Amino acid sequence: MTAPHTDGRASRWDRHRADRRELILAAALEAVRSQGASVGVQEIADLAGVPRSVLYRLFKDRQDLDEQLRTRIIDDLMAALAPTLNPEGTVTEAIARSVDAYIGWIVANPRLHYFLGAGSGSTKDHNSPIVSGTKIAIAGTVREVFERALHAQSAPVAVAEPMAFGLVSFVDGSVNRWLSRSMQPMDAGELSSFLHIAIWAIIDASLREVGITLDPLTSIAEFTAAN
């Protein structure tokens with residue numbers, strides 16, 4: 001049987017399109033980082049060095065561009081958060097490490113974080129599938145940690161899900177409000193310290209409800225080890 005013929009020109013054109021998409025997304029990321037979510041399509045095209053018409057041949061519309069850009073921003077955020085989602089050290093250290101990594105990324109990238117929730121000035125899409133999916137994935141990872149710990153302590157694991165999703169929503173809401181008030185009335189360090197205490201208080205109260213009294217200086221490894 002003769003192998004199917006591959007058109008080299010089509011392959012080169014696909015690579016060219018992919019390269020241009022990468023160029024535009026990189027330009028859009030830099031434009032939002034430096035100018036904010038209100039940056040226009042023409043400004044992004046100019047920064048990428050392509051005509052506006054080319055941008056719209058590669059992306060269906062501004063909403064499509066926004067969602068692809070969110071994917072890039074989340075990739076960057078998750079690179080900072082990923083090491084903290086497999087907690088190590090004591091419970092206190094694990095909480096501090098994850099909160100400080102998140103707040104630190106936001107302080108370095110406030111406009112990118114705002115864009116995740118709001119999108120561009122032209123679309124104002126507050127229901128991004130990629131953002132919602134990422135929050136669910138993070139909460140799911142936290143839930144798995146709680147489930148392992150509860151199972152190791154022979155405690156009911158059903159509480160793990162509301163604990164995890166409640167904590168992620170609590171942190172997200174606190175941070176978004178803080179950003180909406182131009183990082184006031186607390187500074188970043190004060191907000192991090194508040195969240196350390198509040199997260200521990202929620203975990204502690206939730207565990208006590210299922211009969212577990214936990215010292216926050218207990219190591220994660222010890223707490224999640226089967227008896």
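The values are calculated or read from the model by the stated rules, or taken from the named source; none is laboratory data. Note that the coordinates shown come from a computational prediction; the quantities given were computed from them, not determined experimentally. Ideal geometry is used to build each Cβ from the backbone, glycine not excepted, and the neighbour counts take in all protein chains shown.
In this structure, V131 qualifies as of a type outside the set (K, R), assigned by TED's automatic domain parsing to the domain that holds S193, surrounded by 15 or more Cβ atoms within 10 Å (Cβ to Cβ) and in contact with a Lys or Arg (Cβ under 8 Å, 6 or more places away or on another chain).
Only one residue in A45, A27 is in a helix (DSSP H, G or I), aliphatic (A, V, I, L, M), in contact with a Ser or Thr (Cβ under 9 Å, 6 or more places away or on another chain) and farther than 30 Å from H196 by Cα. Which one? Selected residue: A45, the only one of A45, A27 that is in a helix (DSSP H, G or I), aliphatic (A, V, I, L, M), in contact with a Ser or Thr (Cβ under 9 Å, 6 or more places away or on another chain) and farther than 30 Å from H196 by Cα.
With under 28 Å from R181 (Cβ atoms), hydrophobic (A, V, I, L, M, F, W, C), outside the structural domain of A27 (by TED's automatic domain parsing) and part of a helix (DSSP H, G or I) as the only criterion, which of L150, L116 stands out?
On the way: L150 fails: under 28 Å from R181 (Cβ atoms).
Answer to the check: L116.
Among the residues of region 33-51, the ones that are surrounded by 14 or more Cβ atoms within 10 Å (Cβ to Cβ) and either closer than 13 Å to L65 by Cα or in the same structural domain as R70 (by TED's automatic domain parsing) (or both) come to 6 in all.
Taking region 176-206 as the range and being under 20 Å from P156 (Cβ atoms) and either loosely packed, with under 11 Cβ neighbours inside 10 Å or in contact (Cβ under 8 Å) with a residue 24 or more places away in the chain (or both) as the test, the residues that pass are I202, I203, A205, S206. Out of region 58-110, which residues are touching a Lys or Arg at 6+ places or on another chain (Cβ under 9 Å), crowded, with 17+ Cβ neighbours inside 10 Å, touching a residue at least 60 places away in the same chain (Cβ under 8 Å) and more than 28 Å from Q35 (Cα to Cα)? Of everything in region 58-110, just one residue is touching a Lys or Arg at 6+ places or on another chain (Cβ under 9 Å), crowded, with 17+ Cβ neighbours inside 10 Å, touching a residue at least 60 places away in the same chain (Cβ under 8 Å) and more than 28 Å from Q35 (Cα to Cα), namely P87. Can you find a residue that is in the same structural domain as H196 (by TED's automatic domain parsing), over 16 Å from I199 (Cα atoms), out of contact with any strand residue (DSSP E or B) (no Cβ under 9 Å at 6 or more places or on another chain) and modelled with pLDDT of 95 or more anywhere in region 83-99? Scanning region 83-99 turns up no residue that is in the same structural domain as H196 (by TED's automatic domain parsing), over 16 Å from I199 (Cα atoms), out of contact with any strand residue (DSSP E or B) (no Cβ under 9 Å at 6 or more places or on another chain) and modelled with pLDDT of 95 or more.
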